[in-house]
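Notes follow the structure.
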Amino acid sequence: MALKNFFKFGKKKKKEEEIEETKETEKTEKIEKNIENEENKENKEDKEEKTKKGNEISEKNKKLKNEKKSEENKNEKGKEEKEAKEKKEEKIEKTKKKPKLKPLKDRLATPKKGFFSKLKEMFLGKTIDDELYEELEELLIQSDIGMDMTMEIVADLEKQVAKKRLKASQDVYEELKELLKDKLVYNTEENTKLDIQDGKLNIILVVGVNGVGKTTSIGKIAKKLKDEGKKVIIGAGDTFRAAAIEQIEEWGKRTGVEVVKQSHGSDPAAVIFDTVKTAKNRNFDVAILDTAGRLHNKRDLMKELEKINKIIKEQSGNDKFETLLVIDSTTGQNGLEQAKIFNEIVDLTGIILTKFDGTAKGGIIFPITNELKKPIKFIGVGEGIEDLRKFDSKEFVEAIFSD
């Protein structure tokens with residue numbers, strides 16, 4: 001009995017221990033579950049916090065990005081406005097630098113009041129007779145047209161008047177105008193242009209005696225070509241006259257054109273050599289070469305120019321290039337005699353007729369181009385850079401014969 005109770009007690013106790021163990025396990029599991037829930041809660045809160053912070057950072061970055069983009073757009077807009085302003089200012093500056101050209105007829109007031117107005121007045125109400133033709137001859141000679149061309153013009157006029165049976169003096173004047181226009185026959189639109197070709201070195205050799213405006217013409221032509229986008233260099237080849245070198249240097253500074261020079265009295269041919277060599281090696285578009293205007297006689301002039309021509313051809317590889325003669329309009333027939341001498345020595349391609357606005361005669365323009373059979377490339381009608389104008393025979397005739 002006692003043994004039975006003992007086993008019964010032991011069984012009961014074991015059961016109680018199992019129950020207690022189960023309770024302990026449940027308690028442990030509950031605690032673990034609470035801990036897990038707490039951890040999950042914390043993780044969730046942490047995750048939400050991180051997501052919130054991430055969103056805040058993302059929003060902040062987005063805001064910064066938008067602000068940066070806005071700033072960039074603002075800067076870009078500001079840059080565009082600045083560029084537009086600069087272009088506008090540059091355009092205004094160019095307009096200031098390149099004033100509107102006055103009509104040619106306004107620049108030719110002096111010759112118009114002289115020779116050309118006298119020519120017109122002479123025919124007003126006059127009878128067409130020998131006396132009128134004699135008066136015309138005298139006026140033409142006084143106006144620097146020269147004896148030979150005067151006799152030729154008057155003879156042609158008489159023939160045309162007889163052929164067309166002209167009676168009114170105004171009709172005879174109109175016929176004379178046409179005859180004078182014909183004397184500018186070599187001045188076609190094509191002939192009066194400078195022969196400047198792209199992709200090669202172009203040479204412009206400028207000749208003429210001292211005092212005709214040679215150096216000034218070189219500076220003005222250099223400015224025109226540079227404004228057209230050409231890369232230009234000048235050779236100060238008039239080494240006999242110190243002032244010529246200084247003038248060329250001054251024009252170089254004013255126009256931003258490079259000048260090759262040597263000391264006063266040095267060999268002009270050496271300057272030409274250096275200029276052409278430099279121009280070729282550094283891919284210049286145009287080399288404008290000045291030459292001595294003071295040589296004692298025709299033989300010296302010939303020797304010097306022959307030497308220079310040879311150097312140009314050897315260094316540039318060009319057999320043909322522009323050779324321009326500068327003539328002062330106010331010197332009249334003396335200018336024509338100079339032109340004839342130069343035309344014998346070098347192969348002139350054209351004439352630069354300077355100071356035409358300052359001559360009351362003006363007739364010299366007809367024999368210079370007609371007797372030399374060379375076109376006038378430029379005509380000088382003032383002191384300004386733009387007053388050395390490309391010669392247009394149609395514009396000239398309209399301007400000079402206009403009322």
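The values are calculated or read from the model by the stated rules, or taken from the named source; none is laboratory data. What you are looking at is a predicted structure, and each value in this text was computed from that prediction instead of being measured. Ideal geometry is used to build each Cβ from the backbone, glycine not excepted, and the neighbour counts take in all protein chains shown. In case anyone asks, the SASA skips ligands and DNA or RNA and just uses the protein heavy atoms, side chains included. Shrake-Rupley method; radii C 1.70, N 1.55, O 1.52, S 1.80 Å.
Measuring between alpha carbons in the structure, the pairs from 113/355; 223/361; 214/298; 303/390; 105/231 lying more than 21 angstrom apart are 223/361; 303/390; 105/231.
P(r) for the stretch 265-364, from all Cα pairs and a bin width of 5 Å, is 2, 11, 20, 21, 17, 13, 9, 5, 1, 0 %, short bins first. Put simply, the C-alpha atoms of the stretch 282-327 give a gyration tensor, and the ellipsoid matching it has half-axes of 22, 13, 9 Å, longest first. For residue 235, the residues whose modelled amide H falls within less than 5 Å of its own, excluding neighbours fewer than 5 places apart on the same chain, are 260, 288, 289, 290. Give, as a single signed number, the net charge of other residues whose beta carbon lies under 10 Å from the beta carbon of residue 143, with Lys and Arg counted +1 and Asp and Glu -1. For residues surrounding residue 143, the net value is 0.
Accessible surface calculations at 1.4 Å, restricted to protein heavy atoms, place the stretch 149-196 at 58 Å² per residue. Taking all protein chains as they are arranged and a probe of 1.4 Å, the heavy atoms of residue 212 leave approximately 10 Å² accessible to solvent. Surface listing: 133, 186 arranged by accessible area from highest to lowest gives 186, 133, probe 1.4 Å. For the set 261/313; 126/163; 102/320, the pairs lying more than 26 angstrom apart at their alpha carbons are 102/320. Per-residue SASA remark: residue 144, around 20 Å² accessible (1.4 Å probe; ligands, DNA and RNA not included).
The separation of the stretch 315-337 from the stretch 141-157, counted between C-alpha centres, amounts to 24 Å.
Considering only 366, 336, 305, the residue lying farthest towards the positive end of the dipole of the stretch 303-403 is 305, judged by Cα position with unit charges set on Cβ. Inter-part distance, the stretch 225-303 to the stretch 344-388, computed on C-alpha centroids, equals 21 Å.
Just name one of 388, 326, 348: the one whose Cα is farthest towards the positive end of the charge dipole of the stretch 318-403 (beta-carbon charges, Lys/Arg +1, Asp/Glu -1). Highest projection toward the positive end goes to 348. Expressed as a whole percent, the accessible area of the stretch 315-403 that falls on carbon and sulfur atoms is 44 (1.4 Å probe). Of the trypsin sites (Lys or Arg not before Pro) in the stretch 131-178, the ones in a loop by DSSP (not H, G, I, E or B) with at most 16 other beta carbons within 10 Å are 165, 167.
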